[in-house]
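Written below as structure tokens is the structure these notes are about.
The values are calculated or read from the model by the stated rules, or taken from the named source; none is laboratory data. The shown structure was predicted, so the numbers you read here are calculated from the model rather than taken from an experiment. All Cβ positions, even for glycine, are placed from backbone atoms using ideal geometry, and neighbour counts span all protein chains on display. In case anyone asks, the SASA skips ligands and DNA or RNA and just uses the protein heavy atoms, side chains included. Shrake-Rupley method; radii C 1.70, N 1.55, O 1.52, S 1.80 Å.
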Amino acid sequence: MPSTLVHLAFGGMIAAALLGSVFDRRSLLVVLAVVAAPDLDSFIALFFVAGHRTVLHTYVVPIAASALLYVDLRLRDRSFVRDRWGPEGVRLAWVSVVALVFAGIGLDFVDHGVNPLWPLHDQFYVLDGRFEISDQRGIVQSYVDLNPETEQAGPRSRGSSQEVNISTGVDPNPGGEGGGPDPDTVEDPERMFPVVRHGWQLAILVTGTVVTAARLWTDDIEN
């Protein structure tokens, strides 16, 4: 699964690409904080069954944030966000939501899965598949199941938060009653805090770090 560092590197690239003139160290820190926030549910898992990749890895959060921003910016006579932070704050808010969707939650959605609609729908899903163009079969894809007789395609269900327990360095042996380590299993399990586990994660980590650092360095020179 992607480490928090990989999430942050991806979020940094999104910030560098979308913040435009608003990009600086302060706005970058805001975006990175939003991207890192979902991983805090690792600590929630110590006390509740519904924990890691559930409580804060739900798309209900960015959907609700987007709805609140829309109401504030479009439907109210005076926008709190615009009055308080100006156009720069509006842009930062929207970019933060985008970064949360793709960098904070999206990377986990395609790697071992998340509980994307919790608490409205308690079910883990992993988005996995392929998209190819064949000279014999044409377009070959497995993200959307167009034939019910074929193998399952698109987001695959893994079970509810009661059935799926994801190990983390904070909670290496989840699944006990009320969350946290199960007292009937290993007394002192190994705590693993991943940094990079796949080549694509290394590519995101290196590229995101270089791109974000280059953008900061360029802005420092221009200013």
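About the Cα centre of region 16-148, what is the dipole size in debye to 20, counting +1 per Lys and Arg Cβ and -1 per Asp and Glu Cβ, all else neutral?
Details: 11 positive and 14 negative charges, 116 e Å.
That gives region 16-148 a dipole magnitude of about 560 debye.
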Practice task
Give me the number: length gained by fully extending Arg84 to Ala213, i.e. 0.36 nm times residue separation minus the C-alpha to C-alpha distance, one decimal in nm.
Solution key: 43.6 nm
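Please give the direction-averaged projected area of the C-alpha convex hull for the chain, in square nanometres with one decimal.
17.0 nm²
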Completion exercise
Taking a probe of 1.4 Å and leaving out DNA, RNA and ligands, region 34-165 shows per residue an accessible area in Å² of 60 Å²
Fill in the blank from the handout: The FRET efficiency for Asp135 and Leu75, from their Cβ-Cβ distance with R0 = 45 Å and rounded to 0.05, is 0.30
Problem - Calculated SAXS-style log₁₀ I(q)/I(0) at q = 0.14, 0.20, 0.24, 0.26 Å⁻¹ - region 1-86, Debye, Cα scatterers - result: -0.65, -1.07, -1.18, -1.22
Problem - Positive-end extreme of charge dipole, the chain - chosen from Phe23, Asn165, Val114 (charges on Cβ) - result: Phe23
Exercise for the section: Using a 1.4 angstrom probe on heavy atoms only, work out the carbon and sulfur share of the accessible area of region 1-156 in %. Expected result: 63 percent
Handout entry: the chain, relative contact order [Cα under 8 Å, separation at least 6], %
Key = 28 percent
Practice task
Run the quick spin-label model on Ser160 and Ala67: label points 7 Å from Cα toward the beta carbon, then report their separation in nm to one decimal.
Solution key: 2.3 nm
Problem - Residue-level accessible surface for Met13, protein heavy atoms, 1.4 Å, Å² - result: 50 Å²
Exercise for the section: Give me the accessible area of His121, 1.4 Å probe, in Å² rounded to the nearest 10. Expected result: 80 Å²
